[in-house]
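Engineer: My questions will all concern the structure given below.
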Amino acid sequence: MAPAPEQRAVTPRGWCPSLFEPMRAEDGWLTRIKPPRGQITALQARAIAAAAPAGIELTQRGNLQLRGFAEAGLAPFALAMQAAGLASGEAGIERRRNIIAPPLLGHDLGIAPNAAAWLEALEAVLADDALAALPGKFGLALDAGGALPLHGVAADITLRLDAGGAASLHIPGAMARGAAPGHVATLIRAFLAVPGARRMRDATAALGAAALIRAAGLRPEPPMPEPPAPRAIGLLPGATGFGLPFGQMGGDELRHLASLAERAGPGALCITPWRAILLPGPSDPGLLSAEAGRFITDPGDPRMLIRACPGSAGCASGGADTRAAAAILARHPRPPGLLHLSGCAKGCAHPGPAALVLVAQPDGRYALVRDGRAGDAPARRNLSLAEAAAELER
Ligand code: SF4
(Lines give C-alpha, C1' and ligand atoms only; values in the text may rest on other atoms or scores of the structure.)
Protein backbone atom coordinates (compact mmCIF):
# COMPACT_ATOMS: atom_id res chain seq x y z
CA MET A 1 0.00 0.00 0.00
CA ALA A 2 1.47 3.32 -1.02
CA PRO A 3 1.66 6.13 1.50
CA ALA A 4 -0.81 8.98 1.22
CA PRO A 5 0.71 11.99 -0.50
CA GLU A 6 2.29 14.41 1.92
CA GLN A 7 0.56 17.50 0.62
CA ARG A 8 2.24 20.86 0.95
CA ALA A 9 0.16 24.02 1.21
CA VAL A 10 3.12 26.26 0.52
CA THR A 11 6.29 25.87 -1.48
CA PRO A 12 9.28 25.93 0.87
CA ARG A 13 12.44 27.18 -0.79
CA GLY A 14 14.30 24.24 -2.30
CA TRP A 15 11.26 21.96 -2.24
CA CYS A 16 11.18 19.46 -5.06
CA PRO A 17 7.86 17.69 -5.64
CA SER A 18 7.62 13.96 -6.12
CA LEU A 19 4.75 11.53 -6.58
CA PHE A 20 4.07 11.08 -2.86
CA GLU A 21 5.09 14.62 -1.89
CA PRO A 22 3.29 16.90 -4.34
CA MET A 23 3.31 20.66 -4.24
CA ARG A 24 0.53 23.21 -4.49
CA ALA A 25 0.76 25.76 -7.31
CA GLU A 26 -1.52 28.50 -8.55
CA ASP A 27 -3.23 26.16 -11.02
CA GLY A 28 -3.70 23.27 -8.56
CA TRP A 29 -1.39 20.59 -7.20
CA LEU A 30 1.60 19.47 -9.19
CA THR A 31 3.39 16.18 -8.96
CA ARG A 32 6.24 14.40 -10.72
CA ILE A 33 6.83 11.02 -12.27
CA LYS A 34 10.44 9.86 -12.40
CA PRO A 35 10.44 7.27 -15.20
CA PRO A 36 12.57 4.26 -14.22
CA ARG A 37 15.57 4.03 -16.60
CA GLY A 38 14.34 7.34 -18.08
CA GLN A 39 11.75 5.55 -20.19
CA ILE A 40 8.05 4.79 -20.29
CA THR A 41 6.15 2.30 -22.41
CA ALA A 42 3.33 3.32 -24.74
CA LEU A 43 0.93 1.69 -22.25
CA GLN A 44 2.33 3.74 -19.36
CA ALA A 45 2.20 6.90 -21.50
CA ARG A 46 -1.52 6.34 -22.13
CA ALA A 47 -2.12 5.76 -18.41
CA ILE A 48 -0.39 9.06 -17.61
CA ALA A 49 -2.25 10.90 -20.37
CA ALA A 50 -5.60 9.56 -19.16
CA ALA A 51 -4.96 10.78 -15.61
CA ALA A 52 -3.35 14.13 -16.43
CA PRO A 53 -5.82 16.89 -15.58
CA ALA A 54 -3.87 19.60 -17.42
CA GLY A 55 -0.44 20.15 -18.92
CA ILE A 56 2.54 17.80 -18.71
CA GLU A 57 6.04 19.24 -18.56
CA LEU A 58 9.44 17.68 -19.14
CA THR A 59 11.92 18.73 -16.48
CA GLN A 60 15.67 19.19 -16.77
CA ARG A 61 16.04 15.83 -15.05
CA GLY A 62 13.95 13.98 -17.58
CA ASN A 63 10.98 13.77 -15.23
CA LEU A 64 7.33 14.28 -16.16
CA GLN A 65 5.71 17.03 -14.13
CA LEU A 66 1.92 17.03 -14.11
CA ARG A 67 -0.06 20.12 -13.18
CA GLY A 68 -3.58 21.01 -12.19
CA PHE A 69 -4.58 18.21 -9.80
CA ALA A 70 -7.41 18.63 -7.32
CA GLU A 71 -6.30 17.55 -3.85
CA ALA A 72 -8.64 14.55 -3.91
CA GLY A 73 -7.05 13.29 -7.11
CA LEU A 74 -3.49 13.07 -5.80
CA ALA A 75 -3.61 9.82 -3.82
CA PRO A 76 -5.47 7.81 -6.51
CA PHE A 77 -3.03 9.09 -9.12
CA ALA A 78 -0.02 8.13 -7.01
CA LEU A 79 -1.45 4.64 -6.50
CA ALA A 80 -2.17 4.26 -10.22
CA MET A 81 1.37 5.29 -11.15
CA GLN A 82 2.85 2.93 -8.59
CA ALA A 83 0.69 0.12 -9.96
CA ALA A 84 1.91 1.00 -13.46
CA GLY A 85 5.50 0.47 -12.33
CA LEU A 86 6.43 4.14 -12.41
CA ALA A 87 7.31 4.69 -8.75
CA SER A 88 8.72 2.97 -5.72
CA GLY A 89 6.29 2.34 -2.88
CA GLU A 90 8.10 4.42 -0.29
CA ALA A 91 7.94 8.20 -0.18
CA GLY A 92 11.53 8.73 1.05
CA ILE A 93 13.02 6.48 -1.63
CA GLU A 94 10.88 8.14 -4.28
CA ARG A 95 12.09 11.57 -3.13
CA ARG A 96 15.76 10.50 -3.41
CA ARG A 97 15.38 8.49 -6.64
CA ASN A 98 16.93 11.21 -8.79
CA ILE A 99 19.11 9.65 -11.48
CA ILE A 100 19.36 10.87 -15.05
CA ALA A 101 19.84 7.67 -17.02
CA PRO A 102 21.47 7.24 -20.46
CA PRO A 103 18.60 8.38 -22.73
CA LEU A 104 18.68 5.37 -25.07
CA LEU A 105 19.58 2.68 -22.54
CA GLY A 106 18.70 -0.70 -24.03
CA HIS A 107 18.28 0.73 -27.53
CA ASP A 108 21.77 2.05 -28.39
CA LEU A 109 24.56 -0.49 -28.88
CA GLY A 110 27.13 2.29 -28.34
CA ILE A 111 26.19 2.64 -24.66
CA ALA A 112 28.71 1.13 -22.22
CA PRO A 113 27.84 -2.55 -21.61
CA ASN A 114 27.69 -2.18 -17.83
CA ALA A 115 25.37 0.88 -17.85
CA ALA A 116 22.26 -1.01 -16.68
CA ALA A 117 24.22 -2.62 -13.82
CA TRP A 118 25.53 0.80 -12.78
CA LEU A 119 22.04 2.27 -12.85
CA GLU A 120 20.76 -0.50 -10.58
CA ALA A 121 23.70 0.00 -8.23
CA LEU A 122 23.09 3.77 -8.02
CA GLU A 123 19.39 3.18 -7.32
CA ALA A 124 20.40 0.86 -4.49
CA VAL A 125 22.77 3.51 -3.09
CA LEU A 126 19.97 6.12 -3.04
CA ALA A 127 17.45 3.68 -1.54
CA ASP A 128 19.59 3.29 1.59
CA ASP A 129 17.69 4.71 4.59
CA ALA A 130 21.00 6.03 5.93
CA LEU A 131 20.66 8.74 3.27
CA ALA A 132 17.17 9.79 4.42
CA ALA A 133 18.38 13.37 4.99
CA LEU A 134 19.38 13.81 1.35
CA PRO A 135 17.61 16.91 -0.06
CA GLY A 136 15.00 16.22 -2.74
CA LYS A 137 16.85 18.34 -5.27
CA PHE A 138 20.07 16.32 -4.97
CA GLY A 139 20.57 14.22 -8.09
CA LEU A 140 22.95 11.93 -9.97
CA ALA A 141 23.59 11.47 -13.68
CA LEU A 142 24.89 8.35 -15.38
CA ASP A 143 26.56 9.14 -18.70
CA ALA A 144 27.31 5.93 -20.57
CA GLY A 145 28.25 7.45 -23.94
CA GLY A 146 26.60 6.18 -27.11
CA ALA A 147 24.77 8.42 -29.56
CA LEU A 148 23.54 10.76 -26.83
CA PRO A 149 26.12 11.28 -24.07
CA LEU A 150 24.84 13.40 -21.18
CA HIS A 151 27.01 16.40 -21.98
CA GLY A 152 25.81 19.68 -20.58
CA VAL A 153 23.48 18.01 -18.07
CA ALA A 154 23.83 19.39 -14.55
CA ALA A 155 23.90 16.94 -11.63
CA ASP A 156 25.38 16.89 -8.14
CA ILE A 157 27.37 13.77 -8.99
CA THR A 158 27.96 12.50 -12.53
CA LEU A 159 29.31 9.03 -13.31
CA ARG A 160 30.82 8.66 -16.75
CA LEU A 161 31.42 5.23 -18.25
CA ASP A 162 33.86 4.85 -21.11
CA ALA A 163 33.28 2.39 -23.95
CA GLY A 164 34.97 -0.35 -21.92
CA GLY A 165 32.84 0.37 -18.86
CA ALA A 166 35.49 2.08 -16.68
CA ALA A 167 33.84 4.73 -14.49
CA SER A 168 34.94 8.21 -13.56
CA LEU A 169 33.19 10.34 -10.96
CA HIS A 170 32.62 14.09 -11.46
CA ILE A 171 31.51 16.82 -9.07
CA PRO A 172 31.72 20.59 -9.52
CA GLY A 173 35.45 21.39 -9.53
CA ALA A 174 37.00 17.91 -9.59
CA MET A 175 36.86 14.39 -10.95
CA ALA A 176 38.34 10.97 -10.17
CA ARG A 177 38.92 7.78 -12.13
CA GLY A 178 38.32 4.23 -10.98
CA ALA A 179 34.96 4.91 -9.32
CA ALA A 180 32.72 2.16 -7.95
CA PRO A 181 29.19 2.46 -6.46
CA GLY A 182 30.71 2.28 -2.94
CA HIS A 183 32.65 5.50 -3.64
CA VAL A 184 29.38 7.23 -4.58
CA ALA A 185 27.77 6.13 -1.30
CA THR A 186 30.78 7.35 0.69
CA LEU A 187 30.82 10.66 -1.17
CA ILE A 188 27.11 11.24 -0.44
CA ARG A 189 27.70 10.52 3.25
CA ALA A 190 30.56 13.08 3.20
CA PHE A 191 28.20 15.58 1.55
CA LEU A 192 25.57 14.99 4.24
CA ALA A 193 28.13 15.78 6.93
CA VAL A 194 28.63 19.33 5.58
CA PRO A 195 26.39 21.60 7.70
CA GLY A 196 23.72 23.40 5.67
CA ALA A 197 24.71 21.92 2.29
CA ARG A 198 21.70 21.45 -0.03
CA ARG A 199 23.58 20.80 -3.28
CA MET A 200 27.04 19.43 -4.02
CA ARG A 201 28.27 22.90 -4.97
CA ASP A 202 27.52 24.04 -1.39
CA ALA A 203 29.73 21.24 -0.06
CA THR A 204 32.56 21.92 -2.54
CA ALA A 205 32.42 25.62 -1.60
CA ALA A 206 32.71 24.70 2.08
CA LEU A 207 35.34 21.93 1.94
CA GLY A 208 36.84 22.07 -1.55
CA ALA A 209 36.09 19.60 -4.34
CA ALA A 210 39.40 17.76 -3.95
CA ALA A 211 38.79 17.16 -0.23
CA LEU A 212 35.38 15.64 -0.96
CA ILE A 213 36.81 13.35 -3.62
CA ARG A 214 39.49 12.22 -1.13
CA ALA A 215 36.77 11.66 1.47
CA ALA A 216 35.17 9.27 -1.01
CA GLY A 217 38.44 7.31 -1.15
CA LEU A 218 39.47 8.48 -4.62
CA ARG A 219 42.33 10.54 -6.01
CA PRO A 220 41.17 13.99 -7.22
CA GLU A 221 42.04 15.35 -10.65
CA PRO A 222 41.10 18.67 -12.26
CA PRO A 223 37.72 18.65 -14.00
CA MET A 224 37.64 17.87 -17.71
CA PRO A 225 36.13 20.36 -20.17
CA GLU A 226 32.72 19.15 -21.28
CA PRO A 227 31.76 18.97 -24.96
CA PRO A 228 28.51 20.66 -26.01
CA ALA A 229 25.20 18.85 -25.52
CA PRO A 230 24.34 16.44 -28.36
CA ARG A 231 21.49 17.00 -30.79
CA ALA A 232 18.44 15.14 -29.49
CA ILE A 233 15.89 16.14 -32.13
CA GLY A 234 15.32 14.73 -35.60
CA LEU A 235 16.69 11.53 -37.11
CA LEU A 236 19.23 10.01 -34.70
CA PRO A 237 21.09 6.71 -34.83
CA GLY A 238 18.41 4.23 -33.77
CA ALA A 239 15.75 6.75 -32.73
CA THR A 240 13.65 9.73 -33.77
CA GLY A 241 13.67 12.73 -31.45
CA PHE A 242 10.74 15.12 -30.98
CA GLY A 243 11.14 18.40 -29.10
CA LEU A 244 8.35 19.91 -27.03
CA PRO A 245 7.86 23.67 -27.24
CA PHE A 246 9.04 25.04 -23.88
CA GLY A 247 9.08 21.48 -22.57
CA GLN A 248 5.26 21.28 -22.46
CA MET A 249 2.57 19.04 -23.89
CA GLY A 250 -1.01 18.01 -23.23
CA GLY A 251 -2.43 14.53 -22.67
CA ASP A 252 -3.40 14.34 -26.37
CA GLU A 253 0.22 14.89 -27.44
CA LEU A 254 1.44 12.20 -25.04
CA ARG A 255 -1.18 9.75 -26.36
CA HIS A 256 -0.11 10.60 -29.89
CA LEU A 257 3.54 9.99 -29.03
CA ALA A 258 2.55 6.60 -27.62
CA SER A 259 1.02 5.64 -30.96
CA LEU A 260 4.07 6.95 -32.82
CA ALA A 261 6.35 4.93 -30.52
CA GLU A 262 4.51 1.73 -31.43
CA ARG A 263 4.73 2.62 -35.11
CA ALA A 264 8.43 3.49 -34.82
CA GLY A 265 9.61 0.33 -33.09
CA PRO A 266 9.38 -1.26 -29.64
CA GLY A 267 6.84 1.21 -28.27
CA ALA A 268 9.21 2.98 -25.85
CA LEU A 269 9.33 6.69 -25.08
CA CYS A 270 12.74 7.83 -23.82
CA ILE A 271 12.45 11.03 -21.79
CA THR A 272 15.57 13.17 -22.12
CA PRO A 273 16.81 16.05 -19.97
CA TRP A 274 16.79 18.21 -23.14
CA ARG A 275 12.99 18.66 -23.38
CA ALA A 276 12.80 16.10 -26.12
CA ILE A 277 11.29 12.61 -26.27
CA LEU A 278 13.02 9.90 -28.29
CA LEU A 279 11.20 7.05 -29.98
CA PRO A 280 13.61 4.15 -30.54
CA GLY A 281 13.42 2.43 -33.90
CA PRO A 282 14.82 2.64 -37.41
CA SER A 283 15.14 6.13 -38.87
CA ASP A 284 11.90 7.17 -40.58
CA PRO A 285 11.99 10.58 -42.30
CA GLY A 286 8.25 10.24 -43.03
CA LEU A 287 7.45 9.92 -39.32
CA LEU A 288 9.41 13.08 -38.60
CA SER A 289 8.02 15.26 -41.38
CA ALA A 290 4.43 14.25 -40.64
CA GLU A 291 4.75 15.61 -37.08
CA ALA A 292 6.44 18.92 -37.85
CA GLY A 293 3.31 20.92 -37.03
CA ARG A 294 2.75 19.26 -33.65
CA PHE A 295 6.27 18.84 -32.26
CA ILE A 296 9.67 20.45 -32.81
CA THR A 297 11.42 18.39 -35.46
CA ASP A 298 14.16 20.83 -36.44
CA PRO A 299 17.07 21.00 -33.96
CA GLY A 300 17.60 24.62 -35.07
CA ASP A 301 14.10 25.69 -33.97
CA PRO A 302 14.53 28.89 -31.88
CA ARG A 303 12.12 27.57 -29.22
CA MET A 304 14.73 24.99 -28.21
CA LEU A 305 16.92 27.85 -26.99
CA ILE A 306 14.24 29.33 -24.75
CA ARG A 307 13.50 28.28 -21.18
CA ALA A 308 10.31 29.53 -19.55
CA CYS A 309 8.56 28.64 -16.29
CA PRO A 310 4.73 28.72 -16.14
CA GLY A 311 4.82 32.29 -14.76
CA SER A 312 1.49 33.78 -13.67
CA ALA A 313 -0.44 31.08 -15.58
CA GLY A 314 0.63 28.47 -13.05
CA CYS A 315 2.46 30.05 -10.15
CA ALA A 316 1.43 32.61 -7.53
CA SER A 317 4.89 34.19 -7.66
CA GLY A 318 4.76 34.89 -11.40
CA GLY A 319 4.55 38.51 -12.52
CA ALA A 320 3.61 37.66 -16.13
CA ASP A 321 2.54 34.77 -18.36
CA THR A 322 6.08 33.91 -19.33
CA ARG A 323 5.28 31.03 -21.69
CA ALA A 324 2.91 33.20 -23.71
CA ALA A 325 5.65 35.83 -23.85
CA ALA A 326 8.19 33.17 -24.87
CA ALA A 327 5.99 32.12 -27.81
CA ILE A 328 5.95 35.74 -28.99
CA LEU A 329 9.68 36.30 -28.48
CA ALA A 330 10.55 33.07 -30.32
CA ARG A 331 9.47 34.82 -33.51
CA HIS A 332 11.80 37.79 -32.93
CA PRO A 333 15.42 37.83 -34.08
CA ARG A 334 17.98 37.67 -31.28
CA PRO A 335 21.68 36.85 -30.90
CA PRO A 336 22.67 33.20 -30.39
CA GLY A 337 22.53 31.81 -26.86
CA LEU A 338 19.94 30.79 -24.33
CA LEU A 339 16.98 33.06 -23.54
CA HIS A 340 15.39 32.46 -20.15
CA LEU A 341 11.98 33.92 -19.32
CA SER A 342 11.35 33.75 -15.61
CA GLY A 343 8.15 34.63 -13.77
CA CYS A 344 10.20 35.90 -10.83
CA ALA A 345 13.81 36.07 -9.63
CA LYS A 346 13.74 32.46 -8.40
CA GLY A 347 14.52 31.21 -11.92
CA CYS A 348 12.99 27.71 -11.59
CA ALA A 349 13.06 26.91 -15.32
CA HIS A 350 16.81 27.38 -15.58
CA PRO A 351 18.83 27.82 -12.38
CA GLY A 352 22.09 28.32 -14.33
CA PRO A 353 23.24 31.36 -16.28
CA ALA A 354 21.80 32.28 -19.69
CA ALA A 355 22.90 34.77 -22.34
CA LEU A 356 19.66 36.73 -21.85
CA VAL A 357 17.23 36.54 -18.94
CA LEU A 358 13.92 38.36 -18.80
CA VAL A 359 12.51 38.40 -15.28
CA ALA A 360 8.88 39.40 -14.86
CA GLN A 361 8.35 42.12 -12.28
CA PRO A 362 5.27 42.05 -10.03
CA ASP A 363 3.75 44.79 -12.23
CA GLY A 364 3.98 42.60 -15.36
CA ARG A 365 6.91 44.45 -16.90
CA TYR A 366 10.33 42.84 -17.31
CA ALA A 367 13.87 43.25 -16.03
CA LEU A 368 16.71 42.18 -18.33
CA VAL A 369 19.84 40.35 -17.12
CA ARG A 370 22.62 39.73 -19.61
CA ASP A 371 24.92 36.69 -19.16
CA GLY A 372 23.61 35.79 -15.76
CA ARG A 373 20.92 34.17 -13.66
CA ALA A 374 17.38 35.29 -12.92
CA GLY A 375 18.41 36.47 -9.46
CA ASP A 376 21.33 38.61 -10.68
CA ALA A 377 21.28 42.41 -10.86
CA PRO A 378 19.48 43.45 -14.06
CA ALA A 379 20.99 45.70 -16.71
CA ARG A 380 17.51 47.15 -17.52
CA ARG A 381 14.20 47.32 -15.65
CA ASN A 382 10.57 48.22 -16.34
CA LEU A 383 10.52 46.97 -19.94
CA SER A 384 7.28 46.22 -21.73
CA LEU A 385 7.33 42.99 -23.76
CA ALA A 386 7.78 45.04 -26.97
CA GLU A 387 10.67 46.95 -25.40
CA ALA A 388 12.18 43.69 -24.18
CA ALA A 389 11.95 42.24 -27.70
CA ALA A 390 13.78 45.28 -29.07
CA GLU A 391 16.45 44.92 -26.37
CA LEU A 392 17.03 41.29 -27.30
CA GLU A 393 17.95 42.26 -30.85
CA ARG A 394 20.87 44.39 -29.69
S1 SF4 B 1 10.47 31.23 -11.33
FE2 SF4 B 1 8.44 30.88 -12.20
S3 SF4 B 1 7.78 28.91 -11.37
FE4 SF4 B 1 9.52 29.60 -10.12
S5 SF4 B 1 8.57 30.66 -8.37
FE6 SF4 B 1 9.01 32.22 -9.94
S7 SF4 B 1 7.15 32.39 -11.18
FE8 SF4 B 1 7.00 30.50 -9.99
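Engineer: Net charge around residue 199, counting only other residues with Cβ within less than 11 Å of its Cβ (Lys, Arg = +1; Asp, Glu = -1)? Let's see the in-between values first.
Structural biologist: On the way: positive: 137, 198, 201; negative: 156, 202.
Result for the local shell: +1.
Engineer: Can you bin the stretch 303-392 into rounded, prolate or oblate? Criterion: square roots of the alpha carbon gyration tensor eigenvalues sorted a ≥ b ≥ c, rounded for a/c under 1.5, prolate for a/b above b/c, oblate for the rest. Working shown, then result.
Structural biologist: Working: a/c = 1.22, a/b = 1.18, b/c = 1.04.
In terms of gyration-tensor shape, rounded.
Engineer: Ranked from highest to lowest mean number of other Cβ atoms within 10 Å per residue, what is the order of the peptides 257-266, 226-235? Present the calculation step by step, with values, prior to reporting the outcome.
Structural biologist: Working: 257-266: 19.0, 226-235: 16.4.
Most protected by this proxy first, the peptides run 257-266, 226-235.
Engineer: Over the stretch 102-193, with every protein chain in place, what whole percent of the accessible area is carbon and sulfur at 1.4 Å, could you tell me? Intermediate results must be reported in sequence, preceding the final value.
Structural biologist: Numbers: 1820 of 3200 Å².
Here carbon and sulfur together make up 57 percent of the probe-accessible area.
Engineer: Next question, about the same structure. Tell me the label-point distance for the pair residue 231, residue 262, using the 7 Å Cα-to-Cβ offset, in nm and rounded to one decimal.
Structural biologist: With each label placed 7 Å out from Cα toward Cβ, I get 3.1 nm.
Engineer: Normalised by the number of residues in the chain, what is the relative contact order in percent for Cα pairs under 8 Å and 6+ residues apart? Let's see the in-between values first.
Structural biologist: Details: 873 pairs, mean separation 51.6, N = 394.
Once normalised by length, the contact order is 13 percent.
Engineer: OK, next. In terms of the ratio Rg/(2.2 N^0.38 Å) built on C-alpha atoms, what value belongs to the stretch 116-256? Walk me through the numbers on the way to the answer.
Structural biologist: On the way: Rg = 16.9 Å, N = 141, 2.2 N^0.38 = 14.4 Å.
Cα-based Rg divided by the globular estimate yields 1.17.
Engineer: Another question, then. Quick one: Cα convex hull volume of the chain, Å³ per residue?
Structural biologist: Working: hull volume 52.1 nm³, N = 394.
About 132 Å³ per residue, rounded to a whole number.
Engineer: Next question, about the same structure. Per residue, how much accessible area does the stretch 235-296 have with a 1.4 Å probe, in Å²? Mind dumping the intermediate values first?
Structural biologist: On the way: 2040 Å² over 62 residues.
Here the per-residue accessible area is 33 Å².
Engineer: Could you tally the net charge around residue 293, taking each other residue with its Cβ under 14 Å from the Cβ of residue 293, Lys/Arg +1 and Asp/Glu -1? Show your work: numbers first, answer last.
Structural biologist: On the way: positive: 294, 303; negative: 252, 253, 291, 298, 301.
Summing Lys/Arg as +1 and Asp/Glu as -1 gives -3.
Engineer: Probe radius 1.4 Å, ligands and nucleic acids ignored: give me the carbon and sulfur share of the accessible area of the stretch 232-326 as a rounded percent. Show your work: numbers first, answer last.
Structural biologist: Numbers: 1680 of 3190 Å².
After summing per-atom areas, the C and S share lands at 53 percent.
Engineer: Would you mind classifying the stretch 258-352 by shape? Square roots of the alpha carbon gyration tensor eigenvalues, ordered a ≥ b ≥ c; an a/c under 1.5 is rounded, otherwise it is prolate if a/b is larger than b/c and oblate if not.
Structural biologist: Numbers: a/c = 2.55, a/b = 1.91, b/c = 1.34.
Taking the square roots of the gyration eigenvalues as a ≥ b ≥ c, the stretch 258-352 is prolate.
Engineer: Something else now. Can you work out the FRET efficiency for the pair residue 70 and residue 316, with r the C-beta to C-beta distance and R0 = 22 Å, to the nearest 0.05? Let's see the in-between values first.
Structural biologist: Details: r = 17 Å, r/R0 = 0.78.
In this case the efficiency is close to 0.80.
Engineer: Accessible area per residue for the stretch 23-92 in Å², computed with a 1.4 Å probe and the full protein assembly in place, what is it?
Structural biologist: Values: 2480 Å² over 70 residues.
Averaged over the residues of the stretch 23-92, the accessible area is 35 Å².
Engineer: Which whole number in µm²/s is D for the stretch 235-296 by Stokes-Einstein, with the Kirkwood Rh taken over Cα pairs at 4 °C and 1.567 mPa s? Can you show the working numbers first?
Structural biologist: On the way: Rh = 11.4 Å.
In µm²/s, the coefficient is 114.
Engineer: Something else now. Roughly how big is the stretch 303-392's charge dipole about its Cα centre, with Cβ charges of +1 (Lys, Arg) and -1 (Asp, Glu), in debye to the nearest 20? Intermediate results must be reported in sequence, preceding the final value.
Structural biologist: On the way: 11 positive and 6 negative charges, 33 e Å.
The dipole of the stretch 303-392 has a size of about 160 debye.
Engineer: Sorted by average packing, counted as other Cβ atoms within 10 angstrom per residue and highest first, what order do 57-63, 361-367 take?
Structural biologist: On the way: 57-63: 21.4, 361-367: 16.7.
Output ranking for 57-63, 361-367: 57-63, 361-367.
Engineer: A further question follows. Could you rank the peptides 384-390, 169-175 by their average count of other C-beta atoms within 10 Å per residue, with the highest value first?
Structural biologist: Numbers: 384-390: 15.0, 169-175: 20.4.
Peptide ranking by packing, descending: 169-175, 384-390.
Engineer: Right, here's the next one. Do you know the relative contact order of the stretch 303-392, to the nearest whole percent, from alpha carbon pairs under 8 angstrom that are 6+ apart?
Structural biologist: Working: 208 pairs, mean separation 21.7, N = 90.
Averaging sequence separation for qualifying contacts and normalising by length gives 24 percent for the stretch 303-392.
Engineer: I would also like to ask the following. Considering only C-alpha atoms, what is the centroid distance from the stretch 237-290 to the stretch 328-394, in Å?
Structural biologist: Value for the Cα centre distance between the two parts: 30 Å.
Engineer: Ok, one more. Which of rounded, prolate or oblate describes the stretch 23-92 when judged by the alpha-carbon gyration tensor and an a/c cut-off of 1.5? Can you show the working numbers first?
Structural biologist: Values: a/c = 1.43, a/b = 1.30, b/c = 1.10.
Rounded, since a/c falls under 1.5.
Engineer: Of the trypsin sites (Lys or Arg not before Pro) in the stretch 307-336, which ones lie in a loop per DSSP and count no more than 10 other C-beta atoms within 10 Å? All intermediate terms of the calculation are to be shown ahead of the outcome.
Structural biologist: Working: sites: 307, 323, 331; in loops: 331.
Hits after loop and neighbour filter: 331.
The values are calculated or read from the model by the stated rules, or taken from the named source; none is laboratory data. These numbers were taken from a predicted model, which means no experiment stands behind them. All Cβ positions, even for glycine, are placed from backbone atoms using ideal geometry, and neighbour counts span all protein chains on display. These accessible areas exclude ligands, DNA and RNA; they are computed on the full protein's heavy atoms, side chains included. Shrake-Rupley method; radii C 1.70, N 1.55, O 1.52, S 1.80 Å.
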